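Asks: Pasting in a structure now, in structure tokens, and then I'll have a few things to ask.
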């Protein structure tokens with residue numbers, strides 16, 4: 001896992017076609033803007049984890 005620091009309006013680029021920008025940072029909360037191709041699913045972590053647990057239960 002890569003851990004990096006970013007300030008508001010700074011971003012990282014993943015695989016030349018995904019850009020993740022910090023748009024707000026306040027009181028321990030971040031707001032991110034994610035620019036990615038439509039075919040790439042973007043899911044909040046807690047929803048992804050829930051789906052993984054449901055798949056394991058099946």
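The numbers here are math on the coordinates, done by the rules we state, and not lab data. This one's a predicted model, so the numbers in the text were calculated from it and none came from an experiment. Note: ideal-geometry Cβ built from the backbone for every residue, glycine included; neighbour counts use all protein chains shown.
Asks: Calculate the spin-label point distance for residue 44 paired with residue 21, positioning each point 7 Å from the Cα along the beta-carbon direction, and give it in nanometres.
Replies: 2.2
Asks: Using a simple spin-label model with points 7 Å from Cα along the Cα→Cβ vector, what separation in nm is obtained for residue 14 and residue 31?
Replies: With each label placed 7 Å out from Cα toward Cβ, I get 2.1 nm.
Asks: Against the longest principal axis of the chain, how steep is helix 45-57, in degrees 0 to 90 to the nearest 10, with axes from Cα atoms?
Replies: Approximately 20 degrees, to the nearest ten.
Asks: To the nearest 500 deg cm²/dmol, what mean residue ellipticity at 222 nm is calculated for the chain from DSSP H runs of n ≥ 4 alone, each contributing -39,500 (n - 2.57), summed and divided by the residues?
Replies: Helix-only estimate at 222 nm: -7000 deg cm²/dmol.
Asks: Considering the alpha-carbon set of the chain alone, what are its Rg and its Dmax in angstrom?
Replies: Cα radius of gyration and Dmax of the chain are 14.1, 42 Å respectively.
Asks: Using 0.36 nm per residue of separation minus the Cα-Cα distance, give me the extension gain between residue 7 and residue 54 in nm, one decimal.
Replies: Once the chain is fully extended between residue 7 and residue 54, it gains 13.3 nm.
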